1. For residue 401, state whether it is among the polar types (S, T, N, Q), more than 30 Å from residue 299 (Cβ to Cβ) and in a helix (DSSP H, G or I).
2. Determine which single condition residue 217 fails, assuming it passes every other condition in (1) in contact (Cβ under 8 Å) with a residue 40 or more places away in the chain; (2) within 20 Å of residue 315 (Cβ to Cβ); (3) in a helix (DSSP H, G or I); (4) among the hydrophobic types (A, V, I, L, M, F, W, C).
3. Could you grab me the full set of residues in segment 177-219 that are over 23 Å from residue 388 (Cα atoms), more than 20 Å from the chain's Cα centre (by Cα) and surrounded by fewer than 16 Cβ atoms within 10 Å (Cβ to Cβ)?
4. Could we say that residue 125 is open to solvent by 10 Å² or more (accessible area, probe 1.4 Å), within 26 Å of residue 52 (Cα to Cα) and either in contact with a Lys or Arg (Cβ under 7 Å, 6 or more places away or on another chain) or not aromatic (Phe, Trp, Tyr) (or both) here?
5. Residue 141: in a loop (DSSP other than H, G, I, E, B) and at positive phi, yes or no?
6. Look through segment 235-279, keep the residues that are part of a helix (DSSP H, G or I) and touching a residue at least 60 places away in the same chain (Cβ under 8 Å), and return whichever of them is surrounded by the fewest Cβ atoms within 10 Å (Cβ to Cβ).
7. Which ones in segment 79-125 are in a helix (DSSP H, G or I) and within 28 Å of residue 45 (Cα to Cα)?
8. Give 57, 49 a once-over and let me know the one that is surrounded by fewer than 22 Cβ atoms within 10 Å (Cβ to Cβ) and either under 17 Å from residue 101 (Cβ atoms) or of a type in the set (Gly, Ala, Ser) (or both).
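The values are calculated or read from the model by the stated rules, or taken from the named source; none is laboratory data. Quick caveat: nothing in here was measured; it's all calculated off a predicted structure. Virtual Cβ from ideal backbone geometry, glycine too; neighbours counted across all protein chains shown. With ligands, DNA and RNA removed, areas are computed over all heavy atoms of the protein, side chains included. Shrake-Rupley method; radii C 1.70, N 1.55, O 1.52, S 1.80 Å.
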Amino acid sequence: YADAYSNILSTLFCFEKVVSKYYLSQAKKFRSSLKPINDDLLLKYQFDGRPKKLKIGFVSGDFKQHPVGYFLLDTLKHLKNENLELIAYSNSLKKDSLSVKLKSHFANWHEINNKNDEKVINQIRKDGIHILFDLSGHSAKNRLPMFINKPAPIQVSWAGYPGSTGIPEIDYLIGDPFVTPENMNGHFTEKIFRLPNIWVCFTAPDFDVQISDLPVIKNGYVTFGSFNHLSKINDEVISLWSKILKSIPKSKIFLKTKQLNNSYLKEKIISKFKENGINLNSIILEEGTSRSKLLNSYNKVDIALDPFPYSGGVTSLEAIWMGVPVLTKKGFKFASRTTESIIHNSGMPDWVANDENEYVKKAIKFSTNLELLTQINKSLRQVALESPLFNSTLFAKQLNNAFWEMWNNFILKM
C-alpha cells in the first residue's frame, strides 16, 4: 500500500528524535515493497541521443495554487525560452487559475490521474523524455511507484518534498549548500545535485499587499507568529515558544492556518500552551482564509517563528515577502533546513540559531531592537525580490545548466 508508506515517511519529518538513518531505512523499505512492471509491457526508450533541445518531463499532482505551483511559475517562464521542451504529466483533476498559467508554459500537457503506471510510462517513453522530474516525493498525489521502471533515462526529485524518496532509480535530488551540505550525502538514495544558491525559486504573488508599519509600535507589545501547518507545531515547539513568551512581557503568539477551522484542534493548541504556563490572552488564533488575506495578516506579526524539526518553506518565503523576519533553528536534515537556506539567501544569517537556547536568546534580543525591526519591515521585501529567492532569471539558467550537465554525464557513461 504505497500511499500508506508515503504518509508514514512524510510524518517522520515532524519528529525531532527521528534521525536521518532511521528515515532512510524506512524509505528503502518502501522501495523494496514495490514491484516493477514487466519490461515486455513497456515501450523501449525513444529519446533523441543527440538532442538540440532536451525534453524535460514534470510529474506532479500539484500544478495549482500549491507550493510546487508557486515554485514553478516564474521559473517555467524562463525555462521555456532555453534549449528545452517542457512536458507536464498532471496527476490531479483539480485545477485553478494558477493551473491555467502553468499550462501555458508547457509544450505539451498530459492528464494521467486516471491512467495506470504502464500507460503513463509508455506515454513518457513515446514522448522521448530525456530527464523526468518527480515534483511530489511522498506527498499526496505522487506517482513514485512508476519511477522504479525508469520511464526516462535520467530521473530527478525536486521541489515538492524535502527528503529522499528511497528510490535508487531516481538519479538525482536537487539541493543547495544549506539544505543538503556535503556531510548529508549519506541521507539519500539519490545523488545530490547542488544548485549554487537555493534549491527553489519563489514566484511573487501577482497581487499587491501593502506592508503596514511595525505592529509593536502601535500595540505596545511584540507579536510572534507562525502560519505553518499545525502538524509542524509539536510539543517541543510549543514548549520553546512558551519560554520566549514568558521571557518577554506582554508578548503574544499568533497562529494562522486552515487546520484552525477545526474547533477540536483549536482547543488542543490552546491547552498545550496552557500546560506550558501561557494564558489565553497571549494566544491569537485565526482560521484559514484566501491567500491575499493570509498575506495581509503578516501585518499583525513582528517576528515569525519557524517550527522544528519540520521547517517552513512557502510560509517563510511569504513572511519575508511581507517584510517579516523569520527566526529558525539549525537542523540536521533537509526538512529541518529549508528556512535556513531561505534566510541565508535573503542576507540575514544572524536569524539562524544553532540550538534551542540560542533560539530563545535571539528571539529576546531581536524583539527588543525596534530600530532593527523597523528597518527590516521597510526594506526586506525589496531586498528579497533582488535576491536568489525571487530571481527566476538566474535560477532558470542554473537549472538549465544542471539539465545539460546531467545529460552530458549520462552520455559519457553510455
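1. On the way: among the polar types (S, T, N, Q): yes; more than 30 Å from residue 299 (Cβ to Cβ): yes; in a helix (DSSP H, G or I): yes.
Answer is yes for this residue.
2. Failed condition: (2).
3. 183, 186, 212, 213, 217, 218, 219
4. Numbers: open to solvent by 10 Å² or more (accessible area, probe 1.4 Å): yes; within 26 Å of residue 52 (Cα to Cα): yes; either in contact with a Lys or Arg (Cβ under 7 Å, 6 or more places away or on another chain) or not aromatic (Phe, Trp, Tyr) (or both): yes.
Yes.
5. Details: in a loop (DSSP other than H, G, I, E, B): yes; at positive phi: yes.
Yes.
6. Narrowing segment 235-279 to residues part of a helix (DSSP H, G or I): 235-247, 258-261, 263-275.
Now narrow it down to the ones that are touching a residue at least 60 places away in the same chain (Cβ under 8 Å): 236-237, 240-241, 243-244, 247.
Working: 236: 15, 237: 22, 240: 19, 241: 23, 243: 19, 244: 22, 247: 13.
Here the answer is 247.
7. First pass over segment 79-125, keeping only residues in a helix (DSSP H, G or I): 79, 97-103, 117-125.
Correct list: 79, 102, 103, 117, 118, 119, 120, 121, 122, 123, 124, 125.
8. Details: 57 fails: surrounded by fewer than 22 Cβ atoms within 10 Å (Cβ to Cβ).
None of the others qualify; the one that does is 49.
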